[in-house]
Amino acid sequence: MVKKEKVILMTRLAIEEKTDPRYRFITGSFWFDDYASKELWEAFFAISFAYALVVILGLIAYGDSWTVTYHIADAMELARILLMIWLAVLALGMLVCLLTHVALYRDAYRKRQRVEKYLRHLRAFYEEEGEQL
């Protein structure tokens, strides 16, 4: 016999499976610590590589005029400033990465909890039908 509640649960379950399949991958493949540390390492290397690329391109673009005007002491000061800027950009980038991935993991975990709740309710419906047959 078709019950309205069972149809509603099956429809919700189908909608959950169709929407954003990356959630299933996140919570199914990783514990939160593993997921966050993996994403932070990726962000660290991506931010560092992008910053180094920008600095190298800047030195190539303005290197000739800079070497004529400034002395070696100025180069050491520039290196110190670039290091401080890199640390600030790295800290900000890692914080943004961590916050976005915490939110993504939280959403994936909540979705997984909803799906499990729907499955428990469906199992109760099927067990109830099995007893009546």
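Read-outs throughout are calculated quantities, based only on the coordinates presented, and are distinct from any laboratory measurement. Computed from a predicted model, the values in this text were never measured in an experiment. Because the Cβ atoms are built from the backbone with ideal geometry, glycine has one as well, and the counts that use them run over all protein chains shown.
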Taking 0.36 nm per residue of separation between LEU57 and VAL89 and subtracting their Cα-Cα distance, the length gained on full extension comes to 9.8 nm
Roughly speaking, what is the stretch gain from TYR70 to GLU129, that is 0.36 nm per residue apart minus the C-alpha to C-alpha distance, in nm to one decimal?
-> 12.7 nm
Those trypsin sites (Lys or Arg not before Pro) in the stretch 63-124 that DSSP places in a loop and that have at most 11 other beta carbons within 10 Å | none
